[in-house]
Amino acid sequence: MTKTTISFSKHVYAVGLFVCLVAGHLAAQQKTLSLTDIFGPQGSIFTPRTVSGVNWMKAGGFYTTQQSGKIIKYSIATGEAVETLFDQSTARVEGSNQTIQFEAYELSGDERKLLLATNIERIYRRSFKADFYIYDLASKKLTQLSKNGKQMLATLSPDGSKVVFVRDNNLFVTDLATMTEQSITTDGKRNEIINGACDWVYEEEFSFVKAFEWSPDGKKIAFYRFDESRVPEYNMQIWGDLYPKDYRYKYPKAGEPNSIVQIWIHDLATAQKTKIDVGTETDQYIPRIKWTQNPNLLSIKRMNRLQNRLDILHADATNGQTQTVWSEESKTYVDLEFTDDLTYLADGKSFIQSSEKSGYKHLYQYDMTGKLLKQLTSGDWEVTDLLGIDEKKQVLYFTSSMESPMERHLYSLNLAIPVAKKSKKASPITPPQPVKLSTQTGSNTINMSPDFSYYLLYHQSSQQPLTVSLHEAPTHKIVRTLETNQALRERLAAYNLPQQEFFKFTTSLGTSLNGWMIKPTDFDGSKKYPVLMFVYGGPGSQTVNNTWTNALTAWFKLLATKGYIIVSVDGRGTGARGNAFRTATYAQLGKLETEDQIEGAKYLATLSYVDASRIGIHGHSYGGYMTSLCMTIGANYFKAGIAGAPVTTWRYYDTIYTERYLKRPQDNAAGYDDNSPIQHVNKLKGKFLLIHGTGDDNVHFQNSVDFVNALIKAGKQFDSFYYPNRNHGISGGNTLMHRYQMMTDWVLKNL
């Protein structure tokens, strides 16, 4: 008995020694995460490979991609390349031996031509100008679209015979058969009149640049005309030369004049222009235009300045007369994002439009006069995107937050199921139940083929990097997996990285909030750790999503390896939880959002492993605004904060975004001033770092200048850093590496 016991003990000791040696060897082998791994010149080690640039072909069974200077046609069924449509190394510009290096392309509607963009020159967030070329797939001719200067927004006509583009604020059309260029407008002038492209505030807040649309038959062009002559100019200095240069552009701050917007239709055959009647009120917005299936009927979305009413107008292209067919009003605001799924069905008899009238974003079908035919989706969840409608099979595809506000999944809906007519005795009709098609926990985005035969499913979660799979739409079976990111998984296995955990808590007011937490890799529940909270918090936004690690969350994981807990909480005003939750912050931006971040800090302070005296906060843009408020109004709860490019007074931000949530400052002065960090500088107690780019065209450096002046006047010590000529993202060159090294050192020193 004793002998056996002694032998067993020796065996246990030997095994334990072996395990310790192996563990020590593995620990010695594991790499330590560094800033270079995240922001170095080779890119982030967390960045997944993807399948991008996929353009489905109408000719059935094929798609094209852009790879290494080539445009390659692939078979959907086999995944094999069947043809190289364009090779920049061999194609020569007609009449010369010149080659081009293209950066983007578009295939014509008849799939006989390519439109190629080269020498792209960025302007603002979405806009750019470039040199465009036409490549004829049959003749192999490569022709420059115009030699009269770079163009913007070059777009092929539906039949591929013409191209419309913008240059110097005017609209032009080129006939590709003769390469004849004609001007559609002539009154364009910088900082005064823009034809066919957006002004700054439309581009930034309504998320589009191309302000023209071809009619379905290619015979007409509907276009915007912006008169921004009365909009005040903002002046930024560009540093670098002996004398700094002034850059002036039209930026309407809250309460100031906007551009006067008109909609025109140009008939190519007659060269006649028809002005569309969008009403007598000029202080309004036209956030969308869209041709219906009828080439003589243009659809227009119109909003009043306060954005609490949205109308759909149908315009007769022959005479410009309009009729209002659909409207939605709100006691707060109508957010374009939640009413942006307008689709006209192929039979020309009805359209589908999203609405929040039930309290959640859902889909409804109307006839062409605006009469409601049926509600397509319902429930205490939101449709996030209408992907399209397979009208032959009567199936609608959409993504939704039905499963969880933190996830996105793919669903289909059978439109063939009839909805019974309501009667006085009948209860409200329940729409057909959607069918969930995505199966894995996390977030899914979809690229659906135009004929609805196939779709690409891009799946990711906090635990799994991006995978891309091809599916048959009718059966939803996987055809094949195009990307698994196995190399990324193996690369990260060499690191001992912390994981992201999701949690919920209830505030003192009884509101349930979602959050995530990253703990140190060697976390010990008996110890106490400092916490850095990350916040954005703007209306409709989310930071608490079940998605893969990006560069920012990678930095959070780096801080976790240095002994910090990182937490993010989505407070009131954020998205995917219905209209009431999102609009709770209306007319008082910053108030409830700050309260909820303080509630988050108070909740964390109750956890046994959190050092309540060492809770910090960081955010950029709206998150910089929130950080500034938390460090002042919430000074008793936060030891340190880093604010990047913050709005410090909404009086300095643009009309569309600001007035949507606060009304005009003339109508709601308290909403602008009561929660401006500038008004609360006397409350600052903790360590504070303020960062901004001087070339920020979005949240102007002026915000930080005035904030700094107020802090100085209040006798408050703080740290600040400016990045010359950097825009709102504060990036470019070695900027990200520099910024995050500075922020890392600052956190280690002050938290």
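Bear in mind these aren't lab numbers, they're just calculated from the coordinates by the rules spelled out. Computed from a predicted structure; not experimentally measured. Heads up, the Cβs are rebuilt from the backbone with ideal geometry, glycines too, and the neighbour counts pull from every protein chain shown.
Brief remarks follow.
- Contour excess over end-to-end distance, with Cα ends at D159 and A551 and 0.36 nm allotted per residue: 136.9 nm
- Shape of segment 154-305, Cα gyration tensor, a/c cut at 1.5: oblate
- Other residues whose C-beta falls under 10 angstrom from the C-beta of A635 contribute a net charge of +3, scoring Lys and Arg +1 and Asp and Glu -1.
- Distance violations [Cα-Cα > 18 Å] among K147/K250; K374/K436; K113/K162; K150/K245; K58/K477: K147/K250; K374/K436; K150/K245; K58/K477
- Kyte-Doolittle mean at least -1.0 and Cα axial length at least 20 Å: DSSP H helices in the chain: 2-29, 591-605, 735-750
- Segment 341-390 versus segment 620-668: alpha-carbon centroid distance in Å: 35 Å
- Between segment 433-477 and segment 132-197, the alpha-carbon centres lie 37 Å apart.
- Förster-model FRET efficiency, 22 Å R0, E490 and K31, C-beta, rounded to 0.05: 0.95
- When each of the peptides 239-247, 529-537, 290-298, 376-384 is scored by the mean number of other C-beta atoms lying within 10 Å of its residues, the order from highest to lowest reads 529-537, 376-384, 290-298, 239-247.
- For the peptides 333-346, 189-202, the ranking by mean Cβ contacts within 10 Å, running from highest to lowest, is 189-202, 333-346.
- Selected from F338, I45, S400, residue furthest toward positive end of dipole (the chain; charges at beta carbon): I45
- Mean ellipticity per residue at 222 nm, deg cm²/dmol - from DSSP H runs of n ≥ 4 across the chain, formula -39500 (n - 2.57): -5000 deg cm²/dmol
- Where a label projected 7 Å from the Cα of A416 along Cα→Cβ would reach, residues of segment 374-398 with amide N under 16 Å: 389-397
- Counted charge near Y247, where neighbours are those whose Cβ lies closer than 11 Å (Asp, Glu -1; Lys, Arg +1): -1
- Mean Cβ neighbour count within 10 Å, used as a protection proxy, ranking 158-165, 509-516 highest first: 158-165, 509-516
- Cα Rg, Dmax, segment 613-687, angstrom units: 12.9, 41
- Under 13 Å from the Cα of K189 - aspartates and glutamates, other chains or at least 8 residues apart: D168, D199, D227, E228
- Relative to the Cα centre, the charge distribution of segment 608-751, modelled as +1 at Lys and Arg Cβ and -1 at Asp and Glu Cβ, gives a dipole magnitude of about 380 debye.
- Legend: translational diffusion of the chain by Stokes-Einstein, Rh = Kirkwood radius over C-alpha pairs, 37 °C, 0.692 mPa s; D = 114 µm²/s.
- Taking other residues whose beta carbon is less than 13 angstrom from the beta carbon of W381, and scoring Lys, Arg as +1 and Asp, Glu as -1, yields -1.
- A Cβ-based charge dipole, computed about the Cα centre of segment 528-602 with Lys and Arg at +1 and Asp and Glu at -1, lands at about 160 debye.
- Point-charge dipole on Cβ atoms (K/R +1, D/E -1) for segment 59-103, about Cα centre, debye to 20: 20 debye
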